[in-house]
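Participant: I'd like to ask you about the structure that follows.
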Amino acid sequence: MRAAVLTEINQPLQILDLEQEPPRAGEVRVQVKAAGVCMSDWHIMNGDWPLPLPMVLGHEAAGIVIENGPGISHVEPGDHVIFSFRPHCGRCRYCSSGQTVLCIGHNDTPRWRMHDGTSRVKLNGEPVNQMARIGTFSEEVVCPSEQVIKIRKDLPFAHAAIIGCSVATGIGAVIRHARVPAGSSVLVIGCGGVGLNVVQGARLAGASPIIACDLRDNKLDYARAFGATQTINANSGDVVERVREMTDGLGVDTAFDAIGSERTALQVVDAVAPGGRAVLVGIPAFATRAPVSPSQLVYGEKVISGTYYGSVRPNIDFPILADLDLERKINLDDLISRTYRFDEINEGFRLMLAGDVARGVVLFE
Ligand SMILES: [Zn+2]
Ligand SMILES: [Zn+2]
């Protein structure tokens with residue numbers, strides 16, 4: 001069973017032959033059909049998020065269930081599924097209140113091991129960790145069954161894969177977290193895989209204007225295709241000033257930071273109008289701090305909030321996103337601007353960092 005393994009930070013992924021154990025109670029085995037290349041994998045590869053290695057990376061994927069461990073009833077072999085990178089114990093205070101991405105039901109085991117603390121993949125007899133308990137850059141994955149969500153079979157696997165991270169995170173941030181009303185103004189900073197989905201989420205919500213900001217003109221071209229009404233190249237002057245010029249001097253009602261840096265976090269806070277909301281979507285390096293001005297929060301009654309995984313409930317929202325895609329209410333075809341064979345995966349990261357792709361997806365034969 002071949003998987004792309006990170007053995008050392010700042011090194012390419014290695015495609016290695018791993019030994020895989022069958023699913024135990026409450027686990028499933030899935031044949032992976034498509035897996036997206038995401039900045040979150042890169043944060044582990046470059047050491048921004050220091051995690052124990054070796055680890056199979058990959059967390060945005062879809063496939064077909066091929067084997068159930070004991071005690072599984074919600075999926076069966078042959079079902080098409082999207083992986084969720086967060087567990088869902090169904091019993092903790094967060095699962096019980098519908099904030100499933102905050103599930104704390106498995107906090108006593110590390111996020112890169114199965115719920116019994118062991119791993120299902122080994123290299124030369126030694127355990128290999130699985131990113132987010134899934135590790136989907138892998139021909140097959142054994143994982144907790146609560147982390148696979150059954151979806152309709154007419155959804156293309158590449159579309160299903162990206163619903164599992166960038167689409168859910170971006171559209172969820174607008175629809176589920178910020179609940180942007182029709183006719184209100186939106187700013188999106190960062191037009192990568194997540195940011196473009198914030199843009200099309202804002203279009204789905206009926207926001208206007210939708211202002212997109214990035215350092216690269218090709219990303220701004222993408223943003224216009226996904227619904228941005230105005231764009232700002234961040235190299236061309238002060239972003240916050242430009243946003244105010246476009247909004248009668250006030251700023252926007254809701255501003256999304258899809259990058260996750262000190263600079264962009266401060267920009268979204270400064271760019272919202274009094275009474276507005278700054279939403280942090282992109283995940284910064286763990287060490288990042290941003291000095292906001294508390295007085296503008298008080299005088300302007302501004303709200304800052306964070307959203308993880310778009311605050312979605314995967315069991316409910318993945319099938320809804322699949323329907324929206326097949327009804328052509330969201331555009332996933334143009335989001336997938338490159339596909340790769342599994343052995344081209346490091347090229348996928350190179351092109352993502354070069355800013356040349358909207359979203360790249362690895363297709364498994
Ligand atoms: Zn991701
Ligand atoms: Zn829970």
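Participant: Mind checking region 261-363 for GluC sites (Glu not before Pro) that DSSP puts in a loop (not H, G, I, E or B) and that have at most 12 other Cβ atoms within 10 Å? Don't skip to the answer; put the middle values down first.
Facilitator: Numbers: sites: Glu262, Glu301, Glu327, Glu344, Glu347; in loops: Glu301, Glu327.
Loop-located and lightly packed - Glu301, Glu327.
Participant: For the chain, what does the relative contact order come out to in percent, with C-alpha contacts under 8 Å and a separation of six or more? Please list the in-between numbers first.
Facilitator: Numbers: 886 pairs, mean separation 63.4, N = 365.
Taking the mean separation of contacting Cα pairs over the length of the chain, I get 17 percent.
Participant: Tell me the net charge near Ile175. Cut-off is 13 Å between Cβ atoms, Ile175 excluded, with +1 for each Lys or Arg and -1 for each Asp or Glu. All intermediate terms of the calculation are to be shown ahead of the outcome.
Facilitator: On the way: positive: Arg176, Arg179, Arg203, Arg313, Lys329; negative: Asp317.
Its environment carries a net charge of +4.
Participant: Towards the positive end of the charge dipole of the chain, with charges on Cβ (+1 Lys, Arg; -1 Asp, Glu), say which of Ala265, Gly98, Ala322 has the farthest Cα.
Facilitator: The residue sitting farthest along the positive end of the dipole is Gly98.
Participant: Please enumerate, by chain and number, the lysines with C-alpha under 23 Å from the C-alpha of Lys150, excluding those fewer than 8 residues away in the same chain.
Facilitator: By straight Cα distance, Lys150 reaches Lys33, Lys329.
Participant: Next question. Excluding Trp42 itself, calculate the net charge of residues whose Cβ lies under 11 Å from the Cβ of Trp42, where each Lys or Arg counts +1 and each Asp or Glu counts -1.
Facilitator: On the way: positive: Arg350; negative: Asp41, Asp48.
Taking every Cβ under 11 Å from that of Trp42, the sum is -1.
Participant: How large is the dipole of region 105-172 about the Cα centre if only Lys and Arg carry +1 and Asp and Glu carry -1, each at its Cβ, rounded to the nearest 20 debye?
Facilitator: Values: 8 positive and 7 negative charges, 25 e Å.
Dipole of region 105-172, to the nearest 20 debye: 120 debye.
Participant: Let me ask something additional. Can you tell me the dipole magnitude for the chain around its Cα centre, using point charges on the Cβ only (Lys, Arg +1; Asp, Glu -1), in Debye to the nearest 20? Don't jump to the answer; show the numbers that get you there.
Facilitator: On the way: 34 positive and 41 negative charges, 157 e Å.
Taking the Cα centre of the chain as origin, the dipole is about 760 debye.
Participant: Can I ask one more? Normalised by the empirical 2.2 N^0.38 Å for globular proteins, what value does the Cα Rg of the chain take? Kindly include the intermediate steps, with their values, before the conclusion.
Facilitator: Working: Rg = 20.1 Å, N = 365, 2.2 N^0.38 = 20.7 Å.
In units of the globular-protein estimate, the chain measures up at 0.97.
Participant: While we're here: Averaged per residue, what accessible surface does the chain expose to a 1.4 Å probe, in Å²?
Facilitator: Numbers: 14760 Å² over 365 residues.
Here the residues of the chain average 40 Å² of exposed surface.
Participant: Using only the alpha-carbon atoms, what does region 72-150 span along each of its principal axes? Please give whole angstrom values in decreasing order.
Facilitator: On the principal axes, region 72-150 reaches 43, 32, 20 Å in Cα extent.
Participant: Hey, got a sec? Which trypsin sites (Lys or Arg not before Pro) in region 284-365 land in a DSSP loop and have at most 10 other Cβ atoms within 10 Å? Each step should come with its number before you reach the end.
Facilitator: Values: sites: Arg289, Lys302, Arg328, Lys329, Arg338, Arg341, Arg350, Arg359; in loops: Arg289, Lys302, Arg328, Lys329, Arg341.
Taking region 284-365 and a limit of 10 other Cβ atoms within 10 Å, the loop trypsin sites (Lys or Arg not before Pro) found are Arg289, Arg328.
Participant: Is region 171-308 best put as rounded, prolate or oblate by its Cα gyration tensor, with a ≥ b ≥ c the root eigenvalues, rounded for a/c under 1.5, and otherwise prolate when a/b is larger than b/c, oblate when not?
Facilitator: rounded
Participant: Given a 10 angstrom Cα cut-off, can you work out which residue in Asp248, Asp343, Asp333 is the most mobile in a GNM of the chain?
Facilitator: Result: Asp248 has the largest fluctuation of those listed.
Participant: In the chain, with Lys and Arg counted as +1 and Asp and Glu as -1 at Cβ, which of these residues, Ser119, Leu13, Leu187, has the Cα nearest the positive end of the dipole, that is, farthest along it?
Facilitator: It is Leu187.
Participant: Where nothing but the Cβ of Lys and Arg (+1) and of Asp and Glu (-1) is charged, how large is the charge dipole of region 171-308 around its Cα centre, in debye to the nearest 20?
Facilitator: Values: 12 positive and 12 negative charges, 77 e Å.
Value, rounded to 20: 380 debye.
Participant: Run the numbers on region 171-308 and let me know its relative contact order in percent, using alpha-carbon pairs under 8 Å that are six or more apart. Walk me through the numbers before you get to the answer.
Facilitator: Values: 301 pairs, mean separation 29.7, N = 138.
Worked out over region 171-308, it gives 22 percent.
Participant: Can I ask one more? What is the spin-label model distance, in nm, from Arg2 to Asp217 if the labels are put 7 Å beyond Cα along the C-beta direction?
Facilitator: Between Arg2 and Asp217, the label points sit 3.9 nm apart.
Participant: Can you return the aspartates and glutamates within cross-link range of Lys122? Criterion is Cα-Cα under 14 Å, with same-chain partners fewer than 8 residues away left out.
Facilitator: Qualifying aspartates and glutamates at Cα under 14 Å: Asp17, Glu19, Glu21, Glu140.
Participant: Give me the percent of the accessible area of region 171-308 that comes from carbon and sulfur atoms, probe 1.4 Å, all protein chains in place.
Facilitator: Details: 3090 of 5880 Å².
Roughly 53 percent, rounded to a whole number.
Participant: On to the next question. In a shell of Cβ-Cβ distance under 13 Å around Gly282, excluding Gly282 itself, what net charge do Lys and Arg (+1) and Asp and Glu (-1) give?
Facilitator: Values: positive: Arg263; negative: Asp48, Asp214, Asp257, Glu262.
Cβ neighbours under 13 Å give a net charge of -3.
Participant: Roughly to the nearest percent, how much of the accessible area of region 84-155 is carbon and sulfur, given a 1.4 Å probe? Show your work: numbers first, answer last.
Facilitator: Details: 1420 of 3040 Å².
The computed percentage sits at 47.
The values are calculated or read from the model by the stated rules, or taken from the named source; none is laboratory data. Note that the coordinates shown come from a computational prediction; the quantities given were computed from them, not determined experimentally. All Cβ positions, even for glycine, are placed from backbone atoms using ideal geometry, and neighbour counts span all protein chains on display. These area figures cover heavy atoms from the full protein model, side chains too; ligands, DNA and RNA do not enter into them. Shrake-Rupley method; radii C 1.70, N 1.55, O 1.52, S 1.80 Å.
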